[in-house]
Each structure stands twice: as C-alpha cells, then as structure tokens.
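Down below is the structure, laid out as structure tokens.
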Amino acid sequence: MSLERCLSFSRATLRSVCFTKQHLQRCVHICVRRSSTMSQAALPILSVFPSRALVDEKFKVLVENLPPGCPVTIHSLHHSEDQDYWEAYGHYISDDRGKVSVSDDLSFGGTYTGKEPMGLLWSMRPVLGSRKGLRLRKMNVCTPMLMDISVYSRHDGFRDQAPLASVLIERWYMAPGVRRIDIRERGVRGTLFIPPGPGPFPGLLDMWGGGGGLLEYRSALLASHGYVSLALEYFSPGQLQTADLEFNYFETAFNIVKDHPQVMPHRVGIFGLSLGSIVTMALAVESRIVRPRCCVCISGNHCFPPGRTLAGITGEVDMNYDKVRVDENNYHIWRDVGLAIMKEPSSKLDMGKINCPILLVNGHDDQNWPTVESAEDIAEMMRAAGKEHLLTRLEYPDTGHLIEPPFSPHFRATNFIVNLTKEKVIMLWGGQTKPHSDAQEDSWRRILTFLQQHLYCSPSPKARL
Amino acid sequence: MDRKQCCVKLSVQPSRGLMDEKFIVLVQNVWPGFQLTVHALHQCEDGHSWEAFGHYAADATGTVNVSEDPSLGGTYSGVEPMGLLWSLRPVPGSKPGLRMRKMNVQTPMEVTISVYQGHQTEGFVDQVPLAGVLVERWYMAPGVRRIPITEGGLTATLFLPPGPGPFPGLLDLWGGGGKLVEYRASLLASHGIASLALDYLTPKITIETRKMVGIEYFETAYRVLQQHPQVFSSRIAMLGLSFGTSITLKMAAYSEVVKLRCAVCVSGSHVQPVDGSVEQILGYFHKNSGKTRFSDENEAIWRDLLLPIPTDSSLKVDVGRLQCPLLLVVGEDDQNWPAYESAMDMKEMMERAGNSHLLTILSYPNAGHLIEPPYTPHARSSFFRTVNAREKMMALWGGETVAHSRAQEDAWRKTLVFLRENLF
C-alpha cells in the first residue's frame, strides 16, 4: 500500500486537524504504524453530545477507553470565515476506568483550568503566529460554526503527534425552521429572522455598536428562542460621521417589526449593545412614535447629545478625543472620553422619562466606556422619578465591554477603525477571560428570562415563576 | 377554558440530533391544568405523511415536559420521552402497507413538533397550532464521510467516522428486499465504526449479468474494508438482519478469508443448505414456500418455511465452529422468520460444542421481525417483495408497537456496547 494511496484517503479526513502538508504526512504514517502495532490495545473513544447544537447550548465531552491515570489533552480547533485558526485545550488525567469527562473533571492546564464544561469554546484564542487584534464573529448564520474536538496523549508537547481521536461538531446560530429575510424597505436596511411556527411572536429590534455593518448572529439566536428579530444596519464600518441618519430611521425600523403580520404589535422590545444601547435608550425615552415593551442594553450609556443624531455622538467624542489614553501595548482606552462627556448634563437622556422595563448589562472592567458609572447615573435619574422598579442592573467583575452570547471567546482588545480619524487601532475592551466568559453565560440566561417575562405573556400570576 | 392560549413556548432539545439520541420536548407558558396535544408530523421521502401525538395536561407552573409527564392518550400513553417518534404512523387516508425508511442519509429527517389546544385526535392539518418547531434527526454525525465503493465489482457505501483513525470496521447487511440501504451503517460510523453498507442481492453486477453474487463478493467486501488505510484490519465485525444473518453466520463459520472480531445477527436463522450459494439458499427458502400461512388480514406469514429446525447438519450453519463472540437479537413475535427457535437451537449447538461462552442472546417478547435503530416507527406489516419473487405481498412482520419500540431501543444500546467491547 503506497503512501500516495494513504494520503489520498486521508487528505480529506486530516485537512481540518493537520494544516500543514508535513503534519498531514506524519499523521498518516502514524496511523498506518498504529494499525499494525496496536492489535491488542484499546482504541480511545471520543464523543461530544450533542454534536449539533445552538451556540448557547452546553455540550458534554467524553473520552473513554483510555488507560487509567493517563494524561491527555483535549483540544478544540476552529477555522474561521476570515481564515484564522482559533484553538483551546485542557490537560486532563483519566480516572481508574480510563474515562475523562470534561463536564465533571478538572483541567490542570491549557487555555483554561478547573471544572469547565465549556472551556473548550470560551477560552479559544487565535493560534500562535496569527494576526493581532482578531475578533471571531460569524457573518453567515445560515451555516454552522465547525469545530474539531480532539484528544491527544500527553500534556507537554501534545501537538507532536496525531490525535488519538477527533470529532467534528456544529454550533448553530439558527435553529431549524428559522427563516431569514433581507429587509430593504422604507429606507431601512437589515435582516429579519422569524421563528418557526404559526406565531404570532413577540418582536425585537436588535442593534450592535460603533463598529458598524450588519451583524446578524444575535438576532438569529433570538429568533431561535422565539422572537421575531430585526438585525439593523445603521451605518457602514468607519462611516458613522457621514451616516445620514435621523432618529426616524430607528423608529421606522421598530415599526417594520411591529407591523409584521407574525408579530404581536404590543410586544416589541429593543436590544442594543454599546452605541446600539444609546439608540435603544433614546427610543424608549424620547420617541413619540414607538413604545418598546422592554429594553435590553449591554455595555451602554445614556449620552445622546441634543440634536439626537449619530453624527452628534461622534462630534462629542471628537471634542473629547484628547482624553483617549493608550496602555503599555498602545491599545486605545476610551473610557475617560465617556467620563468627560457624562459631565455635561445636556448630553444625557432623561432616563426618568422611561416607561418600560429596562435591563442594563455591564462589565466593571469596561475600558471602552464608563458603562457602570453610566448605569449608576441612570439609576439615580430613575429613582428620582419614581421609576426604579423598571430598572434591573447586572454588573460583572473583571468583565469588559464586548459582552457576547455565551461561550463566545473573550475579546480583550481587537482591531477597530476609528470613525473620526479612519485610523486602524487596537481598541482595549477590557475584561479577564474567565470572569468575562462567566458574565456572558450568566447574562444571556438572565436576558432570555427578562425577555420571556416581559414579551411572552404569563396566563396567570400562579404560572409566573 | 375556551379562550385561545397565546404565547405558548415550545422547545425541543436538541433541535438537531442523531436518530438514536433522545430529545426533551418542553411546552411552557400555558395555563395550569391546560389540556393540550403535542403532535409530530413527518413527510417521508416518498411523499407520505406520518403523525404521532400525545395528550397532556399542564402542571401548576403551566408546563408540560414530555420526558417526565404522562401522555393521557393519543398514539402513545404514559411517560414516553420519544413516543412522538416511535409511534409515528401514516396519516388517516394513507395507502396501507407503508414502511418508513430513509434512503438519503445526507439530509436529516425533518419532524414538525406542534402544540394544539385540547385533546385532539384528528384534523390537525386543518387547524392552526399554538406553536410549532422543526426538529432535525440525522443518520450521519458531522464529519462522517460517505464514500461510494465500486471497486472489486461491489455495490456498496463506506461510512468513515471523523478523525485520523484507525477505526474498527463493520460489514452491514440488510435482508431479502435487496437494495443499498445505508442508514444503519451511517449511524454506526457516527459511533466511531467504519461501516460498509453492502448491496448483495441487487448490486449493479447482478442487474447487468442477471447472476446472483457468490461468496467471493462478501470476501471482496471484507478485503476492501480490511485494506483501507484508516481501518483497523484485525478489528472487523459483521452485522446482518434477516437474510443478512444467513450470510453473516455463513461467513463467520466457514470463510477462510473473513476473520471476524465479532458478529451481530438480528432476526435471522442459521438454517440454510450449508454448501449452498446465495442463490441456492434463497432457492431452499422458496422451495418451502408452500408452508406460507396467511393472517386474518391476508398478510403473509413466512416463519414456518424454516420450521421445524432441521436436525440434519447439512441444513444449518455449524455455529459450534465459531471462534468469535456472537450477539443474537430476536423478537419472540417474529412472524417472518423463526428467529427465536433458531436462536435456541444455536444455543444448544454451541453448548454441545463448548463455545457457548461466545454467545449472547437478546430475546424480546412481543417484538417482531424488523428490529431497527431506536425510535424507528414500528411496522407490524408492510408491502414487501423478496428479490426472487414476482410481486409485492403484504408481509406480516409481527410485534406489538410499545414492546417492539422498547426492544429497538434496548437492542441498539446493547449492540453498541457489544461492538464497543469487542472492537475498541
């Protein structure tokens, strides 16, 4: 049996775990040798349940049939849409029955330690040699994220050999039956996601932040949880200043959701992150056209200068740009810009005027914006107006600005184009990986509960948990 | 309460699962005590619609959990987490004699799970449900590779698990209906076994030459598997159902080429002319077709064709010669083959020969002939044509649905354990 035949059979298999030709050849050699020498040895069995899941679902990773007390490394690898490789791994020791259960056992090293059922996902980071400042975001939500989960023998130097076993898993943002519809109407640009089933459903207007563009993944996930969700595009990356956007753009977007035949018109909420949060709060407080049923604001603030245009926001940032600091790595820290802006009362929305429940989710280590200070101020305003019963605050220690859906890797600092200067910088978002990941997991669960409580009707007080 | 229940939350987890995985169906946000029907609808590849449903009453928190709460009626009753799948049956008005089999394993089986108000038994298609979700059931795990095999004149499909290997191998044989049936092999590959689904009654070579294959065909299949660079050449098993059992036992006991690590025989028999070719074995069965009986519904009962179990040793595979572990799976209500009687006879033969420590028998009361992967709807009878018959007949397979479905679930789990113990 020739090496060529080996390679041609194995190429497809090993492409995802061996990304160099040399590594590929080594794997095949080892495979052939192993076959003939291992006639008595047990074959390790690796399984991940479920193998196809939504991105916010947990999985169980199990290795069986190992020798007892055997050191192994469990490794995850993802090849992103941007062609970067992301990985995570944990060092484990099999028990007396030759089993390793990632959900139950402790990792003794790697990209995460301790008992971490989902560590193989949230602790992922770009492999050595990757470009700097990367962020992992799925742009095409109609296909799943593919991950190779492998088990290697040993801890140190585990990469020197082919894995003992490897499986492929799928992580989806869209549940089966969720429909994706391009929206280009009434001047609004976005993507609408509709859950399966007859409906009617509650609705959500979903907005991301200052990076711009059209990010669909959170809306797809919200639709998978039963909400008609509109991912809104409101400016192109780097184009915030010239974005010809009036407040009315967002009101129209809200109404597109509200007017949809499968949406319950009185149960439409707004979901925003960062800049999207500002818009969310502005709509809740100042709009005479829309009445959101509830709001979720992640890493947001209530600073919206008079005039209420997005260009106005950049104007304020411009004026305080001298407050931008850099850290020892030359990463941009913008939180002092935010603190300066907050000192100007006319820059702030009067949150006392809000009439719907609002959930604020923030990180104490947010280096991009003083979101916790903003939340304090919002709480003050609402207390003074007798509205504090509408406010829920979630604030997490050592958590940064980019609070994403659970099990997403933590991005402490990533590439960003500054709208004002068109500079490419690395923006420091903050957070320490483990606490930040805990915050992502915890906040998502609470966000879903909050949305369910306010947007899905409860038939009787007794039924409310 | 007549007021329409709104905002019902229905979820199924996982929404994308393998065929042999369980799911949890949860209905939330209904009124406490609310009566509802959870309904499953599936349109199979040949266009027929299948449905199942259970009647439930919500608890004090307004929740129904199909895995924990009892169905009060419908196509299944009691606490049945997977009843919505295994009790699927053709919708009213369908043709008789249908059987559900997925031929394209690269796409999932799609099932729509819905909630309807009240305890309904019919007319689902005319009503708007309170909620509905789509569930995918896959025969192939992500990363499993499907490779058509034509070398050596074979008509087969190889399913390779993901990963570098090497993997244990398995030859997968179905029964007298022929065709290339892939779904069990793809499911086994999803469990880490490189599995070759083999068409041995209607392969291309038989269609073209009008001649049935010989023993060398199976030996070629074994060799193809053995020589694959990602297959562990000394860890190959064989799994046969019905007539596939006849071939499996023959290979296991007599072949010089095929050296099995273990064998699984489902719903079959060792009774066959020992020196016969495939064609001659089929001919032997046909010779006895006068013993066919018919049920009250005119369904053909073929179990008597091989009864009584012969005492003549030239008419049964000498299982005393076996040197590998053997798992026999039989349904005691098998109306198609005398699988139970054969299993008892094999046990006796092996006890006399001193190799009965290799034998495990799983015998299920009230289970029929078609012991399929778990949650496959039970077909007590269906239209069937053996390859050498001229026309389709209604064949009685046997089995009572609940017992048969439990048998499928249990047998599959134990088969996987058996394969794991012997191959890994």
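The values are calculated or read from the model by the stated rules, or taken from the named source; none is laboratory data. In this text the structure is predicted, and so the values were computed from the model without any measurement. Please note: Cβ atoms are built from the backbone with ideal geometry, for glycine as well, and neighbour counts cover all protein chains shown. The area values use the complete protein model at the heavy-atom level, side chains included, leaving out ligands, DNA and RNA. Shrake-Rupley method; radii C 1.70, N 1.55, O 1.52, S 1.80 Å.
Observations on the model:
- Among all positions in region B:162-178, there is at least one residue which is open to solvent by 20 Å² or more (accessible area, probe 1.4 Å), in contact with a Ser or Thr (Cβ under 8 Å, 6 or more places away or on another chain) and at pLDDT below 95.
- Residue within region A:246-254 that is within 25 Å of the chain's Cα centre (by Cα) and not aromatic (Phe, Trp, Tyr) present: yes
- Residue within region A:176-193 that is closer than 24 Å to B:Phe424 by Cβ and among the polar types (S, T, N, Q) present: no
- Options B:Pro108, B:Pro129, B:Pro92: the member that is surrounded by fewer than 20 Cβ atoms within 10 Å (Cβ to Cβ) and either more than 14 Å from chain A (Cβ to nearest Cβ) or modelled with pLDDT of 95 or more (or both): B:Pro92
- Residue count for region B:66-80 under the criterion of being under 15 Å from B:Leu26 (Cβ atoms) and either within 14 Å of another protein chain (Cβ to nearest Cβ) or aliphatic (A, V, I, L, M) (or both): the result is 2.
- Members of region A:109-133 found to be surrounded by fewer than 18 Cβ atoms within 10 Å (Cβ to Cβ) and assigned to a loop (DSSP other than H, G, I, E, B), listed by number: A:Gly109, A:Thr113, A:Lys115, A:Pro117, A:Val127, A:Leu128, A:Gly129, A:Ser130, A:Arg131, A:Lys132, A:Gly133
- Restricted to strands (runs of 3 or more DSSP E) entirely inside region B:310-424, those with at least 2 residues that are touching a Leu at 6+ places or on another chain (Cβ under 9 Å) are B:326-331, B:359-364, B:381-384.
- Identity of the residue in region B:137-153, buried (at least 19 other Cβ atoms within 10 Å of the Cβ) and in contact (Cβ under 8 Å) with a residue 24 or more places away in the chain, that ends up nearest to the other protein chains (Cβ to nearest Cβ): B:Ala141
- Listed by first and then second residue, the pairs linking a residue in region A:130-157 that is away from chain B (no Cβ under 14 Å) and farther than 19 Å from B:Pro164 by Cα to a residue that is small (Gly, Ala, Ser) and part of a loop (DSSP other than H, G, I, E, B), with Cβ atoms under 6 Å apart and 6 or more places separating them unless they lie on different chains, are A:Leu136/A:Ser80.
- Count - residues of region A:169-204 that are under 20 Å from the mean Cα position of the chain (by Cα), within 10 Å of another protein chain (Cβ to nearest Cβ) and open to solvent by 30 Å² or more (accessible area, probe 1.4 Å): 1
- Filtered residues of region A:146-168 (kept if open to solvent by less than 20 Å² (accessible area, probe 1.4 Å) and outside any loop (DSSP other than H, G, I, E, B)): A:Met147, A:Asp148, A:Ile149, A:Ser150, A:Val151, A:Tyr152, A:Phe158, A:Ala165, A:Ser166
- The set of residues in region A:158-168 that are under 31 Å from the mean Cα position of the chain (by Cα) and at the interface with chain B (Cβ under 7 Å from one of its Cβ atoms) comprises A:Pro163, A:Ala165, A:Ser166, A:Val167, A:Leu168.
- Single match in B:Ala407, B:Ala395, B:Ala353, B:Ala343 (criterion: open to solvent by less than 30 Å² (accessible area, probe 1.4 Å), free of Cβ contacts under 8 Å to residues at least 60 places away in the same chain and away from chain A (no Cβ under 14 Å)): B:Ala343
- Flag if B:Glu122 is within 14 Å of chain A (Cβ to nearest Cβ) and open to solvent by 40 Å² or more (accessible area, probe 1.4 Å): no
- Residues of region B:154-173 satisfying the condition of being within 11 Å of chain A (Cβ to nearest Cβ) and of a type in the set (A, V, I, L, M, F, W, C): B:Leu158, B:Leu160, B:Phe167
- Of residues in region B:266-281 being touching a residue at least 40 places away in the same chain (Cβ under 8 Å) and surrounded by fewer than 21 Cβ atoms within 10 Å (Cβ to Cβ), the one farthest from B:Thr311 (Cα to Cα): B:Glu279
- Qualifying residue in region B:49-71 (condition: of a type in the set (Asp, Glu), under 26 Å from the mean Cα position of the chain (by Cα) and surrounded by fewer than 21 Cβ atoms within 10 Å (Cβ to Cβ)): no
- Qualifying residue in region B:106-120 (condition: in a loop (DSSP other than H, G, I, E, B), out of contact with any strand residue (DSSP E or B) (no Cβ under 6 Å at 6 or more places or on another chain) and under 16 Å from B:Leu18 (Cβ atoms)): yes
- Any pair with Cβ under 9 angstrom, 6 or more apart, that starts in region A:348-362 at a residue that is in contact (Cβ under 8 Å) with a residue 40 or more places away in the chain and within 18 Å of A:Leu451 (Cβ to Cβ) and ends at one that is among the small types (Gly, Ala, Ser) and surrounded by fewer than 20 Cβ atoms within 10 Å (Cβ to Cβ): A:Ile354/A:Ala385; A:Leu360/A:Ala379
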